Amino acid sequence: MSTLFSSVSLAVLSSNPSFLKPSSSTTKLQLFFSHQDHLSFSFPRMVVSPSASTNLTVRTPPPSAIVSSSVPASMSAAGIVLFWFKIYPGNNERHADEGKMKQLISAITGHLASLGDGLEDLSSSPRDALTMVDVIERLGIQRYFQEQIHKIIHLSYLRWHEQLGFHDDADATLMGFRLLRLFGYYVTAGILDTLKGQFGDPSTFKVDTLAKVSSMIHLFKCSQVGFPSESTIMAQVKEFASFQLRQVFLEGDQSLLKANNLDMEIKFALEYPRRYLLPRLESRIVINQLWPGSGCLNKCLQLAKIDLGMLQKLHQQEIASLEQWWKEQECSKTIPFRGGILKSHFLASTSIYEPEYSAYRAAFTKCSAFIVTIDDLMDLPGVDHLDILKFNEAVQRWDPSGCDDVPKFKAILSSFLATVEDMGAEASRTQGRDVLPYYKRAWQELIEGYTENAQWRSESRIPSMEEYLKASLPSISSTAIALSSLLMLPEPISDEALRLTGPGSRFMHLTNLVCRLTNDLGTFEFEARNGEIASAVSCYMKEQGCRQEEAMDALEGIIRSCWCELEWELFRSIRVLPECYRRGMISITRNSAFVYKRGDSYSLADDKEYAMLLRDYFFKPIH
């Protein structure tokens, strides 16, 4: 077990009191946050220190090494449009949309090209070009303009000054810092420290102009792409920017906020920072916030509306097909699928939404169906622990006959094994090699972890933290669901990329750890009432002899630190991992953060906010 902990490097986030103006209105800010942002903690055997690997000397990868396309490089914007209308042939409205999309793409492409030319001949500031890239990325239509966006990002980097950013343009500097990092260019966080001085005295600083509102939003977003070695400055930046944004939202000039619906943008930024962000939800917010816009912005908003509308239709078809598939599974008649097809597909499609990635969404949803159903089956009152052991043994041997005398488990085992084999065979064709052994091992470890958890429940035993994590990291299902769905993407993944992000990698370990702790924080009270007493919270309380609140605060601190390390792992994989894979990998962790943000939104039928987001995304047209 020592190897498990030796790979967990956790940076303690520290705040700077002089950079945060205290206020009696702080209690009102619970509208957005229920926990303190920065807390000291100790965790036996978990080394609390910045990762040595983050002592960076790299300046930037060459442009040819940076992969950010959501579609194969050979597919042009026109090709994407044709791809769309192969899916939706023979409808007058769709043909009208096709013509409109081509016009909009052509106009936006021309505008982006002129912005790039201005950067190339030094006749314009990066601000306008980066603002357009930022909007396009947030709208989710970047796949139509990859060549132009990459040119703008690279030329912006060539104009970047390590100490000054874009000289005296704070907004452009903050946008540039975040975008350059997300596109694989290393820029030092010291620039954020430099910018602090431009905001004046923290004790008297007020967000009272549009420029200051914009700067605080960008500063807050910058704090979310930090690496472990930058934890102190990023913590300070986050404290300052989030405090100022909450202040202006709650007590600021409302007429100021109504300009461009900035109140909507601030609320969304605070409620769904990068850790919780499902990208396609932001696209809807941006359209509603900026509509109708003017000039090229209006064209971007029109294109995003058409794109989202067509995706709604596609996702509705996918959901109908998957619901029919589930009805045909024998186990669907034995035990209900908690959450259902709709909620599972929602988590897949809000991050990997492009039409050509339908196989990913189908695999993600099917995996979720089996994971949730098996988990619930093992938790049913009265289930004999010997039957659980038989089920586990049958999965380890990959032979359904082991459950012939256990009807409840027999109903699910055959279709479960057959579905995994079908997905493995399809992924092997896509990847050009046999990946089924990876699939089998991931699922076998998952079921082994479930069985160990069931053993603790049957014994009413709370294990040590070390023992708990050894069994419970695989049982969080991140590895099984990520591997089974991501290898269905149409772009083959290299051995190096699989080494960096696949089973046994540091990235996957951090993902499992974040998802497990996030899940436990959101569900441990409910599960304890139902006999599931072993959780990260209860194990930590027992081991440390502390109160529940202290345990929760400590675990939340670990989650924040792991997120920093995940950002670093994501950044260093950019040279070898296609963008769709990186987005899919981080979405696994984001899904967990999103679902357990308010308890367990996946399971609870009365989470009205979750239900509203789901309904709007799949069924509500954007007017």
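The values are calculated or read from the model by the stated rules, or taken from the named source; none is laboratory data. Worth saying up front: this structure is predicted, and the values here are computed from it rather than measured. Neighbour counts run over all protein chains shown; Cβ positions are idealised from the backbone, glycine included. Heavy atoms of the whole protein, side chains included, go into the accessibility calculation; ligands, DNA and RNA do not. Shrake-Rupley method; radii C 1.70, N 1.55, O 1.52, S 1.80 Å.
Backbone N atoms of the range 539-573 closer than 20 Å to the 7 Å Cα→Cβ label point of ASN530 belong to residues 539. The lysines whose alpha-carbon is closer than 21 Å to the alpha-carbon of LYS470, local same-chain residues fewer than 8 away aside, are LYS440, LYS542. Assign one of three labels to the range 402-531, namely rounded, prolate or oblate, based on the Cα gyration tensor with a ≥ b ≥ c the square roots of its eigenvalues; rounded applies when a/c is under 1.5, prolate when it is not and a/b is larger than b/c, and oblate otherwise. Judged from the Cα gyration tensor, the range 402-531 comes out oblate (a/c at least 1.5, b/c at or above a/b).
Summarising the label geometry, the points placed 7 Å from Cα in the beta-carbon direction at ARG433 and LYS102 lie 4.2 nm from one another. Backbone phi angles across the range 461-470, fed through the Karplus curve with coefficients 6.51, -1.76 and 1.60 (θ = phi - 60°), yield HN-Hα couplings of 10, 9, x, 5, 4, 5, 5, 4, 5, 4 Hz in residue order; Gly and Pro are listed as x.
Accessible surface ranking for MET541, MET234, 1.4 angstrom probe, highest first: MET541, MET234. The aspartates and glutamates whose alpha-carbon is closer than 19 Å to the alpha-carbon of LYS366, local same-chain residues fewer than 8 away aside, are GLU318, GLU323, GLU328, GLU330, GLU354, GLU356, ASP375, ASP376, GLU421, ASP422, GLU426, GLU445.
Using 0.36 nm per residue and subtracting the Cα-Cα separation, the extra length available between LEU122 and ASP616 on full extension is 173.5 nm. Between THR188 and ASP553, the modelled labels are 3.5 nm apart [label points 7 Å from Cα along Cα→Cβ].
Treat the range 143-284 as a sphere of radius equal to its Kirkwood radius over Cα pairs and apply Stokes-Einstein at 25 °C in a medium of 0.890 mPa s; give the translational diffusion coefficient in µm²/s, rounded to a whole number. Approximately 154 µm²/s, per Stokes-Einstein. Using the Karplus relation 6.51 cos²θ - 1.76 cosθ + 1.60 with θ = phi - 60°, the per-residue 3J(HN,Hα) values for the range 566-573 come to 4, 4, 5, 4, 5, 4, 6, 8 Hz, with x marking Gly and Pro. The phi-based Karplus calculation (6.51 cos²θ - 1.76 cosθ + 1.60; θ = phi - 60°) puts the 3J(HN,Hα) values of the range 502-508 at x, x, x, 7, 5, 4, 5 Hz, whole numbers, x for Gly and Pro. What residues from the range 239-280 fall in the zone where the backbone N is under 20 Å from a label point 7 Å along the Cα-to-C-beta line of LYS206? The answer is 240-259, 262-263, whose backbone nitrogens lie closer than 20 Å to the label point.
Measuring r between the beta carbons of GLU466 and GLN324 and using R0 = 41 Å, the FRET efficiency lands at 0.40. Once the Kirkwood radius over Cα pairs is known for the range 248-360, the Stokes-Einstein relation at 4 °C and 1.567 mPa s delivers a diffusion coefficient of 77 µm²/s. Under 20 Å Cα-Cα from LYS267, which aspartates and glutamates qualify once same-chain neighbours fewer than 8 residues away are excluded? The qualifying aspartates and glutamates are ASP37, ASP134, GLU137, ASP171, ASP208, GLU239, GLU251, ASP253, GLU282, ASP607, GLU609, ASP616.
Each part gets one Cα centre, and for the range 255-319 versus the range 519-598 those centres are 28 Å apart. Taking every protein chain into account, the accessible area of the range 407-519 amounts to 35 square angstrom per residue (probe 1.4 Å).
Between the range 322-398 and the range 414-430, the alpha-carbon centres lie 14 Å apart. Using C-alpha pairs under 8 Å with a sequence gap of at least 6, the mean separation divided by the residue count of the range 412-471 gives a relative contact order of 22 percent. The residues SER415, SER229, SER255, sorted by heavy-atom accessible surface at 1.4 Å with ligands and nucleic acids left out, run SER255, SER229, SER415 from largest to smallest.
Rounded, prolate or oblate for the range 249-308? Axes are the square roots of the Cα gyration tensor eigenvalues, ordered a ≥ b ≥ c, and the cut-off for rounded is a/c under 1.5. Can you show the working numbers first?
Working: a/c = 3.52, a/b = 1.24, b/c = 2.83.
Judged from the Cα gyration tensor, the range 249-308 comes out oblate (a/c at least 1.5, b/c at or above a/b).
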